[in-house]
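S.K.: Would you mind keeping the following structure in view while I ask a few things?
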Amino acid sequence: MNIQEKINTIESRTDLSAFIEDLRGSLKSDEGWTNKDLSSFLEAMSAWVSDMDGYFENIGEQCPQKPEWKTFAQILVAARIYE
């Protein structure tokens, strides 16, 4: 299952927790991470959240007004690589 498919299955706090563990594993094995240190990761997370309207527009969805568990997963995934 690819990362987007995993995100689409997140419906609960438990699902998100398991997803975060998967992300941690991908960081340890260096799979697709640009922002590997905490400072870079948090900077990218902040920037992506500020710009996330564009992401949702590009995928043909409305930006969530009330984020769901899967929205947080989308933020985490974006922060891995966002510059």
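Each value in this text was obtained by applying a stated rule to the coordinates, not by laboratory testing. Being a predicted model, the structure only gives us computed values, none of them experimental. Using ideal geometry, Cβ is built from the backbone for each residue, glycine included, and neighbour counts are taken over all protein chains shown.
S.K.: Simple spin-label model, 7 Å along Cα-to-Cβ: residue 50 to residue 22 in nm?
M.R.: Each label point is offset 7 Å from its Cα along the Cβ direction, giving 3.0 nm.
S.K.: Got a sec to turn the phi values of region 5-22 into Karplus ³J(HN,Hα) couplings, 6.51 cos²θ - 1.76 cosθ + 1.60 with θ = phi - 60°, whole Hz, x for Gly and Pro?
M.R.: Here the 3J(HN,Hα) series is 4, 4, 4, 5, 8, 6, 10, 9, 4, 5, 4, 5, 4, 5, 4, 4, 4, 4 Hz.
S.K.: Sticking with this structure for a sec: When Lys and Arg each count +1 and Asp and Glu each count -1, what net charge do the other residues less than 13 Å away from residue 34, Cβ to Cβ, add up to?
M.R.: Overall, the nearby charge balance is -3.
S.K.: Something else: Classify the chain: rounded, prolate or oblate, from the alpha-carbon gyration tensor (a ≥ b ≥ c, eigenvalue square roots; a/c under 1.5 rounded; otherwise prolate if a/b is larger than b/c)?
M.R.: It is oblate, given that a/c is not under 1.5 and a/b is not larger than b/c.
S.K.: Output the relative contact order of the chain, whole-number percent, from Cα pairs under 8 angstrom with separation of 6+ residues. Present the calculation step by step, with values, prior to reporting the outcome.
M.R.: On the way: 67 pairs, mean separation 36.6, N = 83.
Worked out over the chain, it gives 44 percent.
S.K.: Can you tell me which aspartates and glutamates have their Cα less than 16 Å from the Cα of residue 6? Leave out same-chain residues fewer than eight positions away.
M.R.: 15, 21, 22, 31, 68
S.K.: Here is a follow-up. Once the piece of chain linking residue 5 and residue 81 is laid out straight, how much longer is it, given 0.36 nm per residue of separation minus the C-alpha distance between them?
M.R.: Gain on stretching residue 5 to residue 81: 25.5 nm.
S.K.: For the residue pair residue 34 and residue 66, what label-to-label distance in nm results when each label sits 7 Å from Cα along the Cα-to-beta-carbon direction?
M.R.: That separation, rounded to one decimal, is 3.4 nm.
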